[in-house]
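> The structure is given below, and queries will be raised subsequently.
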Amino acid sequence: MTGNGDAGAAWRASSVANDLSFLLARSNALSLSAGNAVLRPLGLKVRSYPVLALACDDLRPTQRELADFLRLDPSQVVALIDDLEGRGLVERRTDERDRRSKVLVPTEEGRRVCARAREAVRAAEEAPFTVLDRAEREMLTALLGRLAFPSEG
C-alpha cells in the first residue's frame, strides 16, 4: 500500500480500521490538528487552552485539580501554567480553602484571549466533524462524555 488516494480503500479495510482505540486516536489527531491551527494565532495550543478555559470558568482550580481533570502529569500542568502566567493570562493566588495551595485565576487579558479562543475552537470543531450531522455530533459528544467521565454518567 502507498500513501496515495487510490490506496485509501485498502487502508480503510486494514485490520486496525475498525479498532476503537485506533479510530479514537486518529479522530483525536485530526481534531487536535484543527484546534492547534486556530489557536496558534492566539499563542495557545490544544493543551494550554483548557487550562485557560477552566481558569476563566472561575473554578479557581489548584494545579493538582487541573492535572487530575486533564489527565496530565503535574509537571506538564506546571509548564502550561508557567507559560500562561508568563504571558499575563493567568495568576497563581493563595487558595482561601487551604493557604498552602495556589489556585489559578484569569487576568482580564486572559478572559479576552479565552473568549476569542472559545470562538475559534467552536469553529475548528466543525471541520473534522462535517461528515456528521448535528444529531450525530451531539450523540458523539454524549458518548465521549460517558467514556471520559464514567462515574459521573
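> Given (1) buried (at least 17 other Cβ atoms within 10 Å of the Cβ); (2) farther than 18 Å from K45 by Cβ, identify the lone condition not met by C114.
Of the numbered conditions (1) buried (at least 17 other Cβ atoms within 10 Å of the Cβ); (2) farther than 18 Å from K45 by Cβ, the odd one out for C114 is (2).
> Can you say whether S31 is out of contact with any Lys or Arg (no Cβ under 6 Å at 6 or more places or on another chain) and touching a residue at least 24 places away in the same chain (Cβ under 8 Å), as far as the supplied structure shows?
Answer is yes for this residue.
> Here's a follow-up. Which of the residues that make up region 44-60 are within 16 Å of the chain's Cα centre (by Cα) and either aromatic (F, W, Y) or closer than 16 Å to K102 by Cα (or both)?
Of everything in region 44-60, those that are within 16 Å of the chain's Cα centre (by Cα) and either aromatic (F, W, Y) or closer than 16 Å to K102 by Cα (or both) turn out to be Y49, V51, L52, L54, A55, C56.
> A follow-up question, please. Could you give every pair whose Cβ atoms fall below 6 Å, whose first residue belongs to region 128-153 and is exposed (fewer than 11 other Cβ atoms within 10 Å of the Cβ), and whose second residue is assigned to a helix (DSSP H, G or I), counting only separations of at least 6 or pairs across chains?
These pairs meet every condition: G153/R146.
> Within the set of pairs 6+ apart or on separate chains, which have a first residue in region 6-28 that is farther than 14 Å from L144 by Cβ and of a type in the set (V, I, T), a second that is in a helix (DSSP H, G or I) and at pLDDT 90 or above, and C-beta atoms under 7 Å apart?
As it stands, the answer is V16/F22, since those pairs meet every condition given.
> Quick check: anything in region 72-87 free of Cβ contacts under 8 Å to residues at least 40 places away in the same chain, surrounded by 15 or more Cβ atoms within 10 Å (Cβ to Cβ), in contact with an Asp or Glu (Cβ under 9 Å, 6 or more places away or on another chain) and closer than 27 Å to F129 by Cβ?
Scanning region 72-87 turns up no residue that is free of Cβ contacts under 8 Å to residues at least 40 places away in the same chain, surrounded by 15 or more Cβ atoms within 10 Å (Cβ to Cβ), in contact with an Asp or Glu (Cβ under 9 Å, 6 or more places away or on another chain) and closer than 27 Å to F129 by Cβ.
> In region 27-38, what residues are over 17 Å from L143 (Cα atoms) and either at pLDDT 90 or above or surrounded by 15 or more Cβ atoms within 10 Å (Cβ to Cβ) (or both)?
Across region 27-38, the qualifying residues are A29, L32, S33, A34, G35, N36, A37, V38.
> Sort through R71, R118 and tell me the only one that's within 19 Å of V38 (Cβ to Cβ), under 17 Å from the mean Cα position of the chain (by Cα) and among the charged types (D, E, K, R).
When all the criteria are applied, what remains is R118.
> Take the conditions charged (D, E, K, R), out of contact with any His (no Cβ under 8 Å at 6 or more places or on another chain) and under 25 Å from R99 (Cβ atoms) and apply them to D82. Does it pass?
When the stated conditions are applied, D82 passes them.
> Among (1) crowded, with 18+ Cβ neighbours inside 10 Å; (2) in contact with a helix residue (DSSP H, G or I) (Cβ under 8 Å, 6 or more places away or on another chain); (3) not acidic (D, E), there is one condition K45 misses while meeting the rest; what is its number?
Against the list (1) crowded, with 18+ Cβ neighbours inside 10 Å; (2) in contact with a helix residue (DSSP H, G or I) (Cβ under 8 Å, 6 or more places away or on another chain); (3) not acidic (D, E), K45 comes up short only on (1).
> Let me ask something else about it. List every residue pair whose Cβ atoms lie under 8 Å apart, where the two residues are 6 or more positions apart in sequence or sit on different chains, the first residue falls within region 98-121 and is part of a loop (DSSP other than H, G, I, E, B), and the second residue, located anywhere, is hydrophobic (A, V, I, L, M, F, W, C) and at pLDDT 95 or above.
Pairs found: T107/L89; T107/V90.
The values are calculated or read from the model by the stated rules, or taken from the named source; none is laboratory data. Computed from a predicted model, the values in this text were never measured in an experiment. Neighbour counts run over all protein chains shown; Cβ positions are idealised from the backbone, glycine included.
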